[in-house]
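Since every read-out is calculated from the coordinates, none of them should be taken as a lab result. This structure is a prediction, so every number in the text was calculated from the model and none was measured. Here Cβ is always computed from backbone atoms with ideal geometry, including for glycine, and neighbour counts include all displayed protein chains.
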Ligand SMILES: Cc1ncc(COP(=O)(O)O)c(C=O)c1O
C-alpha cells in the first residue's frame, strides 16, 4: 500500500492570535513610515495602494494604527469600486478613497498623489519581501518549520503558498535556501494573474488587464516583492477550483475560509496525489489564510458564482474523487 503524503495546514490566524501574520509585513512597513512622519514633524498623508480586499483591509487597519501615532490620513488608490461599507470603514478611520480606472496606473497615480499632497507613498508591494527578516526572527517561514518539528515528516517535501505582494513566497523560499532544506516551494496562481506566465516565460514585464477574483492573491503585474528565483514550481488554479475547494472544505473543517485558501489547497492536493502515485512518503504544508465570513455574498453565493460563469461541478467531482481514491 502506498503511504499517503500528509497535508498540513498552517493556519495564519492561529499563529499570532487575532493578527494574521502576513499583516506583520505591513505593520513593519507602517512602522518605517512612522519614522518618516516623525522626521517630517507634522501629519502627512500616507498613500496605500489597495487593489483588492486585503489591501483595502490593510489600508483600514494601518490607517487606524497610524492615526494616533502620526496623525496621518490614509488614501487608497483602487481600480475597482469598493463596496460602500468598505469606503465608509476607511473614512471612519480618517482615510480617503481615490479611484482610478486602469490597474496599471496605480503606481504612477500613488506617486503623483504623494507628491501633490506632500505625503508618503507606502508602496507595500515593493517592500513586503524585505519588511521581515527572511533569515528567521519569527517570520512565517520559521514558524512553519518550527511547528513541523513535532510532525512525523518534519521537513516538508513541499510548501504551497499563493502570491499577492509576493512577500510570503519570497520569505519562505529564501528561508528554505538559507537553511539548506530539502523542501521545495510551490506557488499557486489564480486566473487573471500574470505571476504564472511571467515566471514560466521569464518575462517580468508581463502586464494583465484585469484584477484577480481571488482576494489577496494574483496580480496584473509582477510585483517587486515577487522573487521568482526561489520558487521551484508554479501551479495555475482556475477560480472555479478555488471556490469549489472552499465549499468542499467547509464540510471537512466546519468553518468557512477565504478563496485563497481554496487555491492553496487545490495546489497542495495535486502535489499530494502525485506523491502518492510515486509512492513518496512525506509532508506537504500549506496555509489557511483569511476567514470566509466576508465572502457570503460572493464565493459562497450560488448566484454570484453563476454570474461569474463558473461551473463548480467538475471541480467538486475531482475533489470527491481525490478524497475517495487519493487520485487526482
Ligand atoms: C488573504 C491573502 N492575502 C494575501 C496573500 C498574499 O500574500 P503576500 O502578499 O505575502 O504575497 C495571500 C496569500 O495566500 C492571502 O491568502
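Ranked for footprinting exposure by Cβ neighbours inside 10 Å, fewest first, 161, 305, 272 give 305, 272, 161. By the count of other C-beta atoms within 10 Å, a proxy for reagent exposure, 176, 227 are ordered fewest to most as 227, 176.
When 134, 199, 266 are arranged by Cβ crowding within 10 Å, least crowded first, meaning fewest neighbours, the order is 199, 134, 266.
One Cα centroid belongs to the stretch 134-148, the other to the stretch 267-328; the line between them spans 26 Å. Remark on the stretch 197-251: hydrodynamic radius 13.0 angstrom, per the Kirkwood mean of 1/r across alpha carbon pairs. Between residue 324 and residue 281, the modelled labels are 2.9 nm apart [label points 7 Å from Cα along Cα→Cβ].
The stretch between residue 206 and residue 233, if pulled fully straight at 0.36 nm per residue, gains 7.9 nm over its current Cα-Cα span.
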